[in-house]
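Worksheet: one structure, shown below.
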Amino acid sequence: MSTFASLELALKHFFGHDSFRPGQKKIIEAALRNQDLLTIMPTGGGKSLCFQLPALLKDGITIVVSPLIALMQDQVDSLQDNGINATYLNSTIKYEERRSRQIAILKNQVKLLYVAPERLLNERFSLFLEQVSQQVGISTIAIDEAHCVSEWGHDFRPEYSKLKLLRQRYPQIPLQALTATATKRVQQDIIQQLNLRSPDIHVASFDRPNLHYEIQPKDRNIYHKLLRTIRSESGAGIVYCLSRRRVEEVATKLKHDGIDALPYHAGLSDKERSSNQTSFLRDNIQVIVATIAFGMGIDKPDVRFVFHYDLPRSLESFYQESGRAGRDGELSKSILFFSLGDRKKIEFLIEQKADQNEQKIALQQLRQVINYAEGNDCRRTIILRYFGERYPGNCGKCDNCLNPKPIEDWTVEAQKFLSCVARCQEKFGVNHIVDVLIGSRKQKIHQYGHHLLSTYGIGKGRTADEWRMLGRSLVHQGLVGQTTDGYSVLKLNKRSWEVFRGQLAVKIAIDKHQTTTTATYNPRKEEAELLFEKLRKLRKQIGDRSSLAPYMIFADSSLKLMAQVRPKTLTDFANLSGVNEYKAQQYGDSFISAILEFNELHKLPVSIPSKSQMTTLELHQQGLSVAEIAQKRGFAISTICNHLSELLEMNQPVALNNLVTADKQQTIIKAIEQIGDASLKAIKDSLTDDYSYEEIKLVRGQKRSQT
């Protein structure tokens with residue numbers, strides 16, 4: 001086990017974060033107690049950290065089961081860029097490389113191993129794992145995308161069902177099952193299929209507080225509306241379309257109008273799909289236009305917007321697709337362009353299904369999406385209610401809350417509506433109840449004898465649309481229940497009776513009301529945004545050189561923090577959220593140079609030594625060596641070297657000749673003049689092993705002070 005004083009210190013050391021996201025710490029503590037775990041945490045909630053951090057704190061290796069090659073490669077690249085020993089074994093690796101990785105595993109040089117379920121249960125691989133278990137020890141087996149194990153899940157995979165053998169083969173090893181969405185039924189099935197022993201179950205909130213939800217009407221000017229909206233966005237985005245033809249059409253138009261966009265759909269060749277996806281992940285293009293084929297396995301956290309050009313088929317699909325925006329927790333946008341014409345297209349497609357039960361369920365799912373699109377309530381309330389989670393409304397981050405409609409008390413109308421539900425014996429949906437209320441003469445009304453009910457025609461003072469609006473709002477507010485077996489039948493609940501008895505008032509938003517706000521100019525904010533863009537370009541350049549997606553270098557949130565704080569020393573840089581010691585050493589110099597250059601251009605004040613740096617300087621002037629200063633102050637030697645190199649750069653009286661010999665200084669200076677001073681690693685690679693990073697850093701500090 002690790003000797004970190006706290007989990008927070010371990011988090012900062014390995015991943016650079018200062019604090020955990022909601023629920024993460026509790027899950028990690030349970031994992032460290034070797035409990036079986038079932039974790040349901042929505043996309044962007046930080047699910048991967050829940051098995052990655054325990055893996056680094058426990059003895060032995062953690063095996064991670066992942067269904068997609070692209071996903072495991074992406075996670076391993078990201079871990080390695082944090083200085084963490086992780087690897088994967090899959091069909092893309094040649095024999096020599098696979099053997100090399102297996103040797104490293106047996107030498108206890110790897111902490112996380114990613115494998116596909118097929119390989120994990122392969123007989124030959126099982127023999128290798130036996131060897132690993134005996135020589136190194138297996139600390140945990142983490143099963144990602146665990147819903148794939150259940151036939152009730154939305155993406156069942158037969159190969160996952162064989163994972164039930166894991167408990168038999170490795171009875172002493174704790175199992176950790178993780179997924180983004182799972183109903184109660186799927187949760188129980190996962191527990192049963194994997195034979196989890198009294199698992200610690202954690203279901204996180206489905207709320208994505210950083211997402212702005214909005215509906216815009218879809219008309220004949222839809223493309224120009226989309227183009228204007230994309231031009232107003234600075235980050236990367238996804239545009240979802242219903243058909244391959246529409247994907248190609250929109251991607252071609254966007255490209256013609258100067259937007260870097262590419263298509264993605266199942267009709268493209270594997271090579272072209274992979275190439276377009278890589279271009280998007282590495283920020284070579286701004287927009288990917290896609291069908292739902294562009295789904296699981298896309299682990300790009302800095303997507304700033306997801307636009308639905310066409311109506312999604314279900315609210316769960318919409319939630320998963322829109323949730324690909326803002327996985328890093330930064331403010332992001334989801335816009336659904338809605339028209340009833342799209343509804344008719346989807347209804348036609350549903351009618352082509354041979355199975356009547358499938359048709360019934362698909363139509364109900366479509367109604368739920370339309371209720372979301374037409375609803376006047378808080379969008380977040382509607383989405384979370386779908387997942388069985390109650391939200392009080394007024395999120396302040398959706399179009400309905402930002403531009404609120406006038407609120408009216410419709411308690412009397414609600415009582416009429418609910419009374420009609422009761423009179424119809426809770427066997428019908430919204431549309432039938434509305435028909436009874438307005439006194440419709442439809443055959444169905446007479447067929448059931450509902451023209452004889454006391455509630456027949458009592459709602460003639462309101463239009464059918466107004467009654468439907470009330471019905472939607474009652475469902476969204478949880479004031480009436482609704483079945484989910486494909487029929488959407490209304491059912492009275494405890495809160496319905498509170499409305500009947502006058503114990504609960506019913507207030508609904510009834511009309512559109514636009515408000516305008518005037519933005520105030522903030523020069524400091526404008527400057528920070530300029531610097532952020534400069535740092536984004538630098539991140540892209542570094543990513544291209546290393547064949548890494550830019551977000552693997554640093555998250556947008558870390559770049560924004562750099563632009564606000566503007567660290568001028570490596571010590572300050574390493575203290576930023578999202579920056580660990582490894583990344584500070586790898587990239588700190590390049591980013592600090594860019595910040596200093598920006599400061600110079602904008603004539604920002606030059607930094608002065610910090611109190612901590614001055615303490616180091618005083619001890620240095622007393623004749624103490626770097627090692628003695630580090631011991632006296634309780635710091636790492638690298639930290640003291642950072643202080644001294646930064647002091648040299650600030651023209652402070654550091655005796656460089658006492659730290660680096662004159663001969664070495666001259667050689668390092670020549671290397672800097674040939675290569676430049678942006679990358680310590682590049683300078684080090686051009687020299688022999690006799691030169692340390694600390695010596696190079698000190699000489700560079702002195703040289704920078706002279707330019």
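The values are calculated or read from the model by the stated rules, or taken from the named source; none is laboratory data. The structure presented is a predicted model; accordingly, all values stated were derived computationally and were not measured. Note that each Cβ is placed from the backbone with ideal geometry, even for glycine, and that neighbours are counted across all protein chains shown.
Brief remarks follow.
- Among the residues of segment 228-256, those that are without any contact (Cβ under 8 Å) to a residue 40 or more places away in the chain and loosely packed, with under 14 Cβ neighbours inside 10 Å comprise ARG228, ARG231, SER232, ARG245, THR252, HIS256.
- Of the residues making up segment 405-421, those that are surrounded by fewer than 16 Cβ atoms within 10 Å (Cβ to Cβ) and in contact (Cβ under 8 Å) with a residue 12 or more places away in the chain number 6.
- Residue within segment 279-287 that is touching a Lys or Arg at 6+ places or on another chain (Cβ under 7 Å), part of a loop (DSSP other than H, G, I, E, B) and either surrounded by fewer than 23 Cβ atoms within 10 Å (Cβ to Cβ) or at pLDDT below 90 (or both) present: yes
- Residue within segment 357-375 that is under 21 Å from ILE335 (Cβ atoms) and assigned to a loop (DSSP other than H, G, I, E, B) present: yes
- Qualifying residue in segment 85-96 (condition: in contact (Cβ under 8 Å) with a residue 24 or more places away in the chain and among the hydrophobic types (A, V, I, L, M, F, W, C)): yes
- Selection of first residues in segment 457-476 that are within 24 Å of THR381 (Cβ to Cβ) and of second residues that are of a type in the set (Ser, Thr, Tyr) and in a helix (DSSP H, G or I), restricted to Cβ pairs under 6 Å at least 6 apart or on distinct chains, gives the following pairs, ordered by first then second residue: HIS476/THR381.
- Comparison of LEU619, LEU604, LEU596 shows that the only residue that is surrounded by 11 or more Cβ atoms within 10 Å (Cβ to Cβ), more than 16 Å from GLY701 (Cβ to Cβ) and modelled with pLDDT of 85 or more is LEU619.
- Taken together, the residues in segment 28-73 that are part of a loop (DSSP other than H, G, I, E, B) and either touching a Phe, Trp or Tyr at 6+ places or on another chain (Cβ under 8 Å) or not aliphatic (A, V, I, L, M) (or both) amount to 16.
- Within segment 565-579, being assigned to a helix (DSSP H, G or I) and not hydroxyl-bearing (Ser, Thr, Tyr) holds for VAL565, LEU570, ASP572, PHE573, ALA574.
- Residues located in segment 627-652, provided they are of a type outside the set (Gly, Ala, Ser) and under 15 Å from ARG700 (Cα atoms): CYS641, ASN642, HIS643, LEU644, GLU646, LEU647, LEU648, GLU649, MET650, ASN651, GLN652
One line per residue, one yes/no per condition, for (1) in contact (Cβ under 8 Å) with a residue 60 or more places away in the chain; (2) at positive phi; (3) not hydroxyl-bearing (Ser, Thr, Tyr):
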site	(1), (2), (3)
CYS641	no, no, yes
GLU649	no, no, yes
ALA655	no, no, yes
ASN658	no, no, yes
GLN665	no, no, yes
ILE669	no, no, yes
GLY676	no, yes, yes
LYS681	yes, no, yes
GLU695	no, no, yes
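- With respect to the conditions (1) under 19 Å from ARG327 (Cβ atoms); (2) not in a helix (DSSP H, G or I); (3) not charged (D, E, K, R), PRO263 falls short on a single one, namely (1).
- Among the conditions (1) surrounded by fewer than 18 Cβ atoms within 10 Å (Cβ to Cβ); (2) farther than 23 Å from GLY543 by Cβ; (3) modelled with pLDDT of 90 or more, the only one that VAL65 does not satisfy is (1).
- Test result for LEU349, closer than 28 Å to GLN187 by Cβ, in a helix (DSSP H, G or I) and over 27 Å from the mean Cα position of the chain (by Cα): no
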